[in-house]
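A quick write-up on the structure given underneath.
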Amino acid sequence: FCLLILAGLPWLLWSWLRRRSSEMEAVLIALIFATSPLVLSPAGSVMTEATYTALSVLLLMALEASGSGIMAGGLALLLIQVRPAALSLMPAVLLQALKEKRWKQAAWAAALPLLGVLLWSYWSYSVSGEVQELGEFKISYQGHPWLHPFRVAWNNALFYFNSWGGCYLPARWNRFAVWLGAGLFGASLAGSRRLLRRDAAA
């Protein structure tokens, strides 16, 4: 099932991109995505990456549709249930509606994920005496020096830079992977900055 979702992702990505760019650009980006070693690496595993990415693309499509507060809120709810880290997407979910003063749409988009978080937290607390995600924070950071979170963030950054860069290099060049990954990250930041200058909500 995870493999089928992953196989459908390039088509879903193309369907979204063709509304925002030319047909050729949409096809090219979808092909780059479909052949990326980073995307293909979990193909044989039962993991949430493909589901999370598919729901994220569907959420982007819903946010661009007029009057899609319930749909956007429902997809955000599903994303948070798949991975609590999706809470970081909430500013993006709400920004356009708040900017255009579509209060009803913003309310629906915020209420559904919030309800899901509250229900999940209540259930988690009722069966284990704590909310699991908060418990993980305590295990990771409680009792450590105040600089520990920055050390963890730095180690995570190095891991992802190395993974990102390493999937494009032969094994014998692996020592350069972290630098390539950092370069790709920098290029992504530059592109994101250009998009933010054009329209922060888009």
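The values are calculated or read from the model by the stated rules, or taken from the named source; none is laboratory data. Nothing here was measured: the structure is a model prediction, and the numbers come from that model. Note that we place each Cβ from the backbone using ideal geometry, even for glycine, and neighbour counts take in every protein chain shown. We work out accessible area using only protein heavy atoms, side chains counted, and drop any ligands, DNA or RNA first. Shrake-Rupley method; radii C 1.70, N 1.55, O 1.52, S 1.80 Å.
A few notes on this one:
- FRET efficiency for Glu130 and Leu40, using Cβ-Cβ distance with R0 set to 25 Å, rounded to 0.05: 0.10
- The range 116-202 pair-distance distribution - Cα-Cα, 10 Å bins, rounded %: 15, 23, 24, 29, 9, 0
- Gain on full stretching of the segment that runs from Lys101 to Ala7 - 0.36 nm per residue minus C-alpha separation: 30.0 nm
- Candidate aspartates and glutamates - alpha carbon under 17 Å from Lys99, same-chain residues fewer than 8 apart omitted: Glu64, Asp199
- Span from the the range 1-49 Cα centroid across to the the range 156-170 one, whole angstrom: 20
- Spin-label proximity, Val152 to the range 63-85 - amide N less than 14 Å from point 7 Å beyond Cα toward beta carbon: 85
- For the chain: accessible area per residue (Å², 1.4 Å): 68
- Considering only Cα atoms, the convex hull volume of the range 79-131 works out to 67 Å³ per residue.
- When volume of the Cα convex hull per residue in Å³ is computed from the coordinates, the matching label among (i) 153; (ii) 140; (iii) 168 is (iii).
- Carbon/sulfur fraction of accessible area - the range 35-74, other protein chains in place, 1.4 Å, %: 72
- Trypsin sites (Lys or Arg not before Pro) restricted to the range 9-96 and DSSP loop, no more than 12 other C-beta within 10 Å: Arg19, Arg20
- Length added when fully stretched, Arg172-Ile70, from 0.36 nm per residue minus Cα-Cα: 31.7 nm
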